[in-house]
Amino acid sequence: MELDGLLLARVQMALTLAFHILFPAFTIGLSAYIAVLLALWLRTGRDVYESLARFWTKVFAVSFAMGVVSGIVLSYQFGTNWSRFSVAVGNVVAPLIGYEVLTAFFLEATFLGIMLFGWNRVPPRLILVAASLVALGTAISAFWILSANSWMHYPTGHEVRDGIAYPVDWLKVVFSPTFPLRFAHMLTAAYLTTAFVVVATGARHLLAGRHVEAARIMVKMGVGMIAIVAPLQLVIGDHHGLDTAEYQPAKLAAMEGHWDGSKAAPLVLFGIPNAAAERNDYEVAIPNLGGLIIAHEWGGRYPGLKEFEPKDRPPVLMPFFAFRLMVGIGVVMIAAGLVGAWLMARRRLFEARWYLVWQSWMWPSGFLAILAGWTVTEVGRQPWVVTGILRTADATSPVVAESIAGTLAAFFVIYAVVFGIGIFYVNRLLVRGPTPGTTAAAEEPLTNRPIAAALPGGRDAIDAREGQP
Amino acid sequence: MEPYLPVIWAGVIVVAVAMYVILDGFDLGIALLFPTTSDEAERDQMMNSVAPFWDGNETWLVLGGGGLWVAFPLAYSIIMPAFYLPVIAMLLGLVFRGVAFEFRWVAKPSHLPWDIAFFAGSLVAAFCQGVILGGLVEGVAVANGAFAGGPFDWASPFALMCGCAVTTGYALLGATFLVMKTEGRIADHARQIAKRLIIAVLVFMAAVSLWTALSSERIAERWFSLPNLVWLAPVPLVTALVGFGVWRSLERGGEMAPFAGTIALFLLGLLGLAISSYPFIVPPSVTLYDAAAVPASQMFSLIGAMITLPMVLAYTVFVYWTFRGKMRPGQGYH
Ligand code: HDD
Ligand code: HEM
Ligand code: HEM
């Protein structure tokens, strides 16, 4: 059987990206949360904030390491797997990645050292500064990478000669039209994801009656965040969709399962898109509502897939279902936020066990929504890798398919094992929870660390403190 | 300014690569020394001596790769597919060693697998870096501006030897770093190892130099024709002197000097390679000028680099300064 190098390269890219984004989704939000905890600690002097900050810093360290190593892989994959892409748009896209390295990666990677290991070397205020810089670095990193990605979705500020893109106006390149909302949507997604993990952790401990004071703070802070940000995400997402309608109409049609643009557009709630027959099977739809949402007019119309030549149409199935999954999760998140806020207002947040049980299961929701959202975005832009300039099929490297197949298998196995174990470790840390009152910070480093290991009996002491055998 | 942009960018990339090789070299090297002790406390201490730095160190690799793409997209698009397998093997090696920094502590007391991952990941990464370097010096098959060879073109005896050479060099950097940063048993132990490694490194450097000169007319001509011979003769001479100095200083109990000397050896090696390769960025056919991005792109990125790189260097120094001084047994940064 002939191996399909293009397909293998795409699967490999999708796999490595999907693993990578799990970690930024969490570390972008968590670094900001840790900075807030540290600030609260310095302002109020309450030990519980310190132990919370230290607890989440441990979790952060493990997650961040996985984010870094999976990210480095990606930065080289542009060359290894998409070398024609690197030449065709390198003049425009590469500088954006270059700026990301210079303004974000060095910042976060360098101050990470102080944030994690500086506790017995520098005053607490400097830890706060380092944590804030790390948080800033992660957000700047998102800025540049999403700028590059948005330019690929709808390129502006360039000209194409002989198939190669040249920059003309950098401001237009960096701020291409789909960028502002994509950046806002992604940052909000990251903060939401983290908030749900924080709330779930707090809820688990409250339900088990452990670390009660710290757990209450986690639940309260997280729920407050969700109550504000989840509805905001709906608004941002809606506007983001309007951008899609304007700049990538074929993607929007695929997301909506919309085939025939000559009729008033319904809102398809469910169906199974059938590309061969150019319609949805088993469709459940609300007439006219789609037109209202997209064209903002009852009976409004927007282009359907039939208006695009088959060779310019994206696959429909994946964007269609992934979009419904994302929006579905978004709605559940809004409910979680509003119900939580209502309970909080009535001072029943910590007693409502049903709510805590519900929240304790919500931790994966942000990750799922983010994966779903990226699937919509990336599959929906096919068959282009850079809309109008370069088709995915023309972007590949001159590498034999067997090499790609071999490395794909290696990625699959190694990522599953390494990141699987990593996620297991993170979970173990979360279950253990914060260690109470460690104001003797200077001598007492982050638990289970070298002093413990080096001094005989040290580890036993720490295990005893953490309630481990 | 425009005609100089490719040369300036080549300089920036050489600096990034040099920073990477030196900085990540010593933390990969420390991992390579893991099997020389089985004592848990010693291993803790070895890992701790680099834990606050490794991520920043590795970022220079991202800058090296990213910078190559920014400034020389054509070279990037040829080199990466040409070294597809070693590049990906290197990245996967770095996955193991990177996560080991954190996983090892969380896994305790069952951390042995992560000790092994730390060592093996670093070994694979170091070896692949050497192979890529060697393969690049030997040359890459190019047709119509794209890589035109097979998946195992890089696997020549010379490249494999370069893999061993770089691995040995990193181990020396790691050992001399430990001599500088630790004391007690572990420092003595590192000193003993370093004394043997310095000899191996000098042998490798000589072998690599002679092999390149003998196998390539272009390179032989660069070094041995007059007046180049006169101008370039100091490079190998200084290398030999520095090598001897490192060895002497190790014998006499020097603490900083062996590390500094090893860095100098690496820089000299890099200088030698640059002299052999210039003006090619992908020997033997693609020059810096062929591969350069358009001036508008090189300029845009250069402005950013000129503003941010000094800041990066400043806070890198700040972090190293924060964690300055010797680590005593049992003392961790964590
Ligand atoms: C929205 C955010 C986002 C997105 C879409 C991506 N990344 Fe990422 N990346 C980050 C947000 C981030 C981060 C928050 O800055 C990370 C994640 C966790 C971390 O450790 O830093 C990071 C780490 C990280 C690193 C290691 C940096 C270091 O040494 O500290 C590299 C080289 C990349 N990424 C490269 C990429 C590439 C090539 C991507 C796409 C093709 C990509 N990232 C998508
Ligand atoms: C981090 C979140 C992201 C996720 C989860 C994601 C997901 C995906 C998926 C699923 C594909 C395969 C699509 C297909 O082939 O049908 C893909 C392809 C690709 N993505 Fe993304 N993507 C992300 C971000 C980015 C960013 C930020 C960039 C560039 C700056 C990017 C560049 C690419 C490229 C070059 C391909 C390969 C060509 C292609 O198949 O279209 N992606 N991504
Ligand atoms: C609540 C209703 C939501 C709406 C209406 C919405 C809308 C959208 C739209 C239209 C896109 C595709 C844009 C394009 O590619 O052109 C998108 C992408 C995406 N969504 Fe959502 N979204 C919602 C909720 C969420 C939630 C809750 C999350 C995660 C926590 C999320 C994460 C993402 C991500 C990561 C992407 C891909 C990156 C991007 O293009 O922004 N979304 N969303």
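The values are calculated or read from the model by the stated rules, or taken from the named source; none is laboratory data. The model shown is predicted, which means the values in this text are computed figures rather than measured ones. All Cβ positions, even for glycine, are placed from backbone atoms using ideal geometry, and neighbour counts span all protein chains on display. Surface areas here come from the heavy atoms of the whole protein model, side chains and all, with no ligands, DNA or RNA. Shrake-Rupley method; radii C 1.70, N 1.55, O 1.52, S 1.80 Å.
Calculated on C-alpha atoms, the gyration radius of segment A:1-44 divided by its Kirkwood radius gives an Rg/Rh of 1.47. Each of A:HIS296 and A:ARG347 was given a label point 7 Å from its Cα along the Cα-to-Cβ line. The distance between the two points is 4.5 nm.
Using a probe of 1.4 Å, the accessible surface attributed to B:GLU221 totals some 120 Å² when neighbouring protein chains are kept in position. Mean sequence separation of contacting Cα pairs (under 8 Å, at least six apart), scaled by the length of chain A, corresponds to a relative contact order of 21 percent.
Mean residue ellipticity, 222 nm, helices only, chain A: the sum of -39500 (n - 2.57) across DSSP H runs of n ≥ 4, divided by residue count and rounded to 500, is -23500 deg cm²/dmol. The alpha-carbon positions of chain B define a convex hull whose volume is 132 Å³ per residue.
Dividing the Cα radius of gyration of segment A:289-412 by its Kirkwood radius returns 1.14 for Rg/Rh. Per residue, the accessible area of segment B:51-121 comes to 16 Å², computed with a 1.4 Å probe over protein heavy atoms only.
Helices meeting the span-like rule in chain A (full DSSP H runs, Cα extent of at least 30 Å along the helix axis, mean Kyte-Doolittle score of 0.0 or higher): A:5-44, A:47-81, A:124-153, A:179-208, A:212-247, A:317-345, A:401-432.
Under a 5 Å amide H cut-off, with hydrogens placed 1.01 Å from N, A:ASN280 pairs with A:ASN274 among residues at least 5 apart or on other chains. Exposed loop positions in chain B were taken to be trypsin sites (Lys or Arg not before Pro) whose DSSP state is not H, G, I, E or B and which have at most 10 other beta-carbon atoms within 10 angstrom. Between these positions, the longest stretch is B:1-251. With the Kirkwood sum run over all distinct C-alpha pairs, the protein assembly as shown has a hydrodynamic radius of 28.1 Å.
Can you tell which of B:ASN144, B:ASN228, B:ASN48 shows the greatest fluctuation in a Gaussian network model of chain B with Cα springs below 10 Å? Looking only at B:ASN144, B:ASN228, B:ASN48, the biggest GNM fluctuation is shown by B:ASN144.
Can you sort A:ASP243, B:ASP55, B:ASP188, A:ASP162 by solvent-accessible area, 1.4 Å probe, largest first? Write out the running numbers ahead of the final one.
Working: A:ASP243 30, B:ASP55 10, B:ASP188 90, A:ASP162 155 Å².
These residues rank, largest area first, as A:ASP162, B:ASP188, A:ASP243, B:ASP55.
Of the residues A:LEU368, B:LEU91, ranked by 1.4 Å probe accessible area with the largest first, the sequence reads A:LEU368, B:LEU91. Take A:ARG353: with every protein chain present and a 1.4 Å probe, its accessible area is about 130 Å². Cβ-Cβ distance of B:ALA148 and B:VAL7, R₀ of 35 Å, FRET efficiency by 1/(1 + (r/R0)^6): the value works out to about 0.80. Shape index of segment A:63-216: Rg/Rh, with Rg the Cα radius of gyration and Rh the Kirkwood radius from the inverse mean 1/r over Cα pairs, equals 1.09.
Annotation: B:VAL166 carries an accessible surface of approximately 30 Å², with a 1.4 Å probe and no ligand, DNA or RNA atoms counted.
At 222 nm, what value in deg cm²/dmol follows for chain B if DSSP H runs of at least 4 each add -39500 (n - 2.57) and the sum is divided by all its residues, to the nearest 500? Let's see the in-between values first.
Numbers: 14 runs with 256 residues, N = 334.
Value at 222 nm, helices only, nearest 500: -26000 deg cm²/dmol.
Among B:GLY269, B:GLY150, B:GLY64, the largest mean-square fluctuation in a Gaussian network model of chain B, built with springs joining Cα atoms closer than 10 Å, belongs to B:GLY150.
Label-to-label distance, A:ARG125 versus B:LEU313, with points set 7 angstrom from Cα along the beta-carbon direction: 2.9 nm.
Based only on Cα atoms, what mean projected area does the convex hull of chain A have, in nm²? Spell out each step's value before the answer.
Numbers: hull surface 102.2 nm².
Result: 25.6 nm².
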